[in-house]
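Take a look at the structure below.
The values are calculated or read from the model by the stated rules, or taken from the named source; none is laboratory data. These numbers were taken from a predicted model, which means no experiment stands behind them. All Cβ positions, even for glycine, are placed from backbone atoms using ideal geometry, and neighbour counts span all protein chains on display.
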């Protein structure tokens, strides 16, 4: 077994949801994951090349409602 280091760079709260932002050093991309705090499921939202990132918060806000709807359909009661 091998220990894996925590690669979460940022964590944002939005209503009952948390968005985790990870940096993938191999792909040079940021990955955005969504989780409802009441559920144990973390779902990949999308990835963006590092060169295309200017404002992480505005990217999240522009996309989160659509991903919350998808998350609700896929994972919530």
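Can you work out which of the residues in the stretch 47-77 that are closer than 19 Å to residue 15 by Cβ and not in a helix (DSSP H, G or I) is modelled with the highest pLDDT? Explain how you work it out, then say what you get.
At the first step, the residues of the stretch 47-77 found to be closer than 19 Å to residue 15 by Cβ are 56-77.
Filter once more, so that each one left must be not in a helix (DSSP H, G or I): 76-77.
Details: 76: 93, 77: 79.
So, considering only residues that are closer than 19 Å to residue 15 by Cβ and not in a helix (DSSP H, G or I), the one modelled with the highest pLDDT is 76.
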Select from the stretch 1-30 the residues that are within 15 Å of residue 48 (Cα to Cα) and touching a helix residue (DSSP H, G or I) at 6+ places or on another chain (Cβ under 8 Å) and write down the one among them that is surrounded by the fewest Cβ atoms within 10 Å (Cβ to Cβ). 28
When you go through (1) in contact with a strand residue (DSSP E or B) (Cβ under 7 Å, 6 or more places away or on another chain); (2) closer than 19 Å to residue 6 by Cβ one by one for residue 53, which number turns out not to apply? (2)
Contact list, first residue from the stretch 25-38 and over 30 Å from residue 76 (Cβ atoms), second anywhere and not in a loop (DSSP other than H, G, I, E, B), beta-carbon distance below 7 Å, six or more apart or interchain, is 28/49; 28/50
